[in-house]
Amino acid sequence: MADFHQEAGSEHENKAVTVLVVEDEAMMRTKLAEELQDAGYLVVEASDGTEAVEILRVRRDVKIVISDVRMPGPIDGVELCRRVRSGYPGIKVVLSSGEPNAADSTAHDGFFLKPYRVARIITHIRSLMD
């Protein structure tokens, strides 16, 4: 079931920005979510693309989706990106994968090769919100 838990994190200017983290590897998802919260973002987590779509249907505050490209189920990161682009054009999508060319087939707002440094993702999403 969807994890709709959110925390305010620190009192930075980022606290008004909600980020949806979509990652099937629980440890990676938790680490990214915790560091984003520490940077002042509100975070919603999804374990796959299908759960992410469900969350986007009910959460109108999401501004950025950070998604793994390779995930189990009918909606991988590339398909999720396409759905976000068509259904929620105001939401930015940042993709990540262990494969360098995994996101070449779709338009996105950033790509990070795994393993990535979360600080680089935070810097990037700050620039997307400027």
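The values are calculated or read from the model by the stated rules, or taken from the named source; none is laboratory data. Please read all numbers here as calculations on a predicted model, not as lab measurements. Please note: Cβ atoms are built from the backbone with ideal geometry, for glycine as well, and neighbour counts cover all protein chains shown. For accessibility, only protein heavy atoms count, side chains too; no ligands or nucleic acids. Shrake-Rupley method; radii C 1.70, N 1.55, O 1.52, S 1.80 Å.
The table below lists the values:
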quantity	calculated
Solvent-accessible heavy-atom area per residue, rounded to whole Å², over the chain at 1.4 Å	50 Å²
Chymotrypsin sites (Phe, Trp or Tyr not before Pro) within the stretch 55-130, DSSP loop, no more than 16 other Cβ atoms inside 10 Å	Tyr116
Coil-residue trypsin sites (Lys or Arg not before Pro) of the stretch 40-113, DSSP, other Cβ within 10 Å capped at 13	Arg60
Sparse-neighbour loop sites [GluC sites (Glu not before Pro); the stretch 13-53; at most 14 other C-beta within 10 Å; DSSP]	Glu25
Equivalent ellipsoid semi-axes, the stretch 81-130, via Cα gyration tensor eigenvalues times 5, rooted, Å	18, 16, 6
Candidates Val93, Val17, Val78, ranked by Gaussian network fluctuation over the chain, Cα under 10 Å, top entry	Val17
For q = 0.13, 0.22 Å⁻¹, Debye-computed log10 I/I(0) when each Cα of the chain counts as one equal scatterer	-0.44, -1.46
